[in-house]
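Asker: A single structure is presented below for examination.
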Ligand code: GDP
Ligand code: MG
């Protein structure tokens, strides 16, 4: 049996959303891909168990990062969400709260529960972290994230492990 989930990836520009989607779905990291405008998605298939296959449709909000009314359309039908920020950018961290709120105010699961959201602190390979672990933990609790994790898309750190947490949660719904 195959189960399909739409997962939207949101957060400020330049935090690494497109890199994340490309890397996760194709196992490659490249500094040089063409900038894309509008909504795009990539598909990722996971063998979940002997009987179950999971297909994720990862939606990239490319080019709509200024939080327009467009986000409504983008969130529709989502089963899961990834909110990403850049550990070297305090501003992108603070804005993660705005993204989460935007999501919660516009979209819900069919059973009226909020959409499970993973908080990913990307670029942890870089030296100058602007946010402490303690701040991240508090922030994740305060804004009701499913889980949070420090990741590096570039160094392939914690990417697949984090996504499993989200998939595990989505598999319990419906
Ligand atoms: P988006 O605007 O959120 O889609 O961000 P992009 O995926 O375009 O990435 C913005 C920049 O950050 C690019 O130059 C990427 O190569 C870089 N980048 C993405 N992930 C990482 C990471 O884990 N570590 C480092 N050092 N750079 C990254
Ligand atoms: Mg992008």
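The values are calculated or read from the model by the stated rules, or taken from the named source; none is laboratory data. Worth saying up front: this structure is predicted, and the values here are computed from it rather than measured. Cβ placement follows ideal geometry from the backbone for every residue including glycine, while neighbour counts extend to all protein chains displayed.
Asker: Kindly indicate whether any position in segment 98-113 is surrounded by 13 or more Cβ atoms within 10 Å (Cβ to Cβ) and either within 16 Å of ligand 2 (Cβ to nearest atom) or more than 20 Å from residue 74 (Cβ to Cβ) (or both).
Answerer: yes
Asker: So residue 115 passes all but one of these: (1) closer than 19 Å to residue 40 by Cα; (2) assigned to a loop (DSSP other than H, G, I, E, B). Which condition number does it fail?
Answerer: Among (1) closer than 19 Å to residue 40 by Cα; (2) assigned to a loop (DSSP other than H, G, I, E, B), residue 115 violates only (1).
Asker: Another question, if that's okay. Looking at segment 30-48, which of the residues that are modelled with pLDDT of 90 or more and either under 28 Å from residue 102 (Cβ atoms) or assigned to a loop (DSSP other than H, G, I, E, B) (or both) is nearest to ligand 2 (Cβ to nearest atom)?
Answerer: Within segment 30-48, the subset modelled with pLDDT of 90 or more is 44-48.
Add one more test, that the residue is either under 28 Å from residue 102 (Cβ atoms) or assigned to a loop (DSSP other than H, G, I, E, B) (or both), and what stays is 44, 46, 48.
Details: 44: 17, 46: 23, 48: 28 Å.
So the residue we want is 44.
Asker: Kindly establish whether residue 140 is assigned to a helix (DSSP H, G or I), within 14 Å of the chain's Cα centre (by Cα), within 15 Å of ligand 1 (Cβ to nearest atom) and crowded, with 17+ Cβ neighbours inside 10 Å. Talk me through it step by step, then tell me what you get.
Answerer: Working: assigned to a helix (DSSP H, G or I): yes; within 14 Å of the chain's Cα centre (by Cα): yes; within 15 Å of ligand 1 (Cβ to nearest atom): no; crowded, with 17+ Cβ neighbours inside 10 Å: yes.
No; evaluated as a whole, the condition is false for this residue.
Asker: If residue 91 satisfies every condition in (1) under 25 Å from residue 152 (Cβ atoms); (2) within 16 Å of ligand 2 (Cβ to nearest atom) but one, which is the exception?
Answerer: (2)
Asker: Check segment 56-76 and report whether any residue there is surrounded by fewer than 22 Cβ atoms within 10 Å (Cβ to Cβ), more than 16 Å from ligand 1 (Cβ to nearest atom), in a helix (DSSP H, G or I) and at negative phi.
Answerer: The answer is yes, given that some residue of segment 56-76 is surrounded by fewer than 22 Cβ atoms within 10 Å (Cβ to Cβ), more than 16 Å from ligand 1 (Cβ to nearest atom), in a helix (DSSP H, G or I) and at negative phi.
Asker: Right, something else. If you go through segment 123-135 one residue at a time, do you hit one that is surrounded by 16 or more Cβ atoms within 10 Å (Cβ to Cβ) and closer than 19 Å to residue 18 by Cβ?
Answerer: Checking segment 123-135: at least one residue is surrounded by 16 or more Cβ atoms within 10 Å (Cβ to Cβ) and closer than 19 Å to residue 18 by Cβ.
Asker: It is to be established whether one or more residues within segment 145-157 are more than 16 Å from ligand 2 (Cβ to nearest atom) and within 15 Å of residue 95 (Cα to Cα).
Answerer: Checked against the condition, which is being more than 16 Å from ligand 2 (Cβ to nearest atom) and within 15 Å of residue 95 (Cα to Cα), segment 145-157 yields at least one hit.
Asker: When you look at residue 145, is it away from ligand 1 (no atom under 16 Å from the Cβ), touching a residue at least 60 places away in the same chain (Cβ under 8 Å) and farther than 25 Å from residue 47 by Cα, yes or no?
Answerer: Working: away from ligand 1 (no atom under 16 Å from the Cβ): yes; touching a residue at least 60 places away in the same chain (Cβ under 8 Å): yes; farther than 25 Å from residue 47 by Cα: yes.
Answer is yes for this residue.
Asker: Just to be sure before I move on: is residue 77 within 12 Å of ligand 2 (Cβ to nearest atom) and at pLDDT below 95 in the structure I sent?
Answerer: Details: within 12 Å of ligand 2 (Cβ to nearest atom): no; at pLDDT below 95: yes.
Taking the combined requirement at face value, the residue does not satisfy it.
Asker: For segment 6-29, does any single residue satisfy the condition of being closer than 22 Å to residue 89 by Cα, loosely packed, with under 11 Cβ neighbours inside 10 Å and modelled with pLDDT under 95?
Answerer: No, segment 6-29 contains no residue that is closer than 22 Å to residue 89 by Cα, loosely packed, with under 11 Cβ neighbours inside 10 Å and modelled with pLDDT under 95.
Asker: Tell me whether segment 92-110 contains one or more residues that are part of a loop (DSSP other than H, G, I, E, B) and modelled with pLDDT of 95 or more.
Answerer: Residues of segment 92-110 that are part of a loop (DSSP other than H, G, I, E, B), as a first pass: 107-110.
Next, from what is left, pick out any that are modelled with pLDDT of 95 or more: none.
Checked against the condition, which is being part of a loop (DSSP other than H, G, I, E, B) and modelled with pLDDT of 95 or more, segment 92-110 yields no hits at all.
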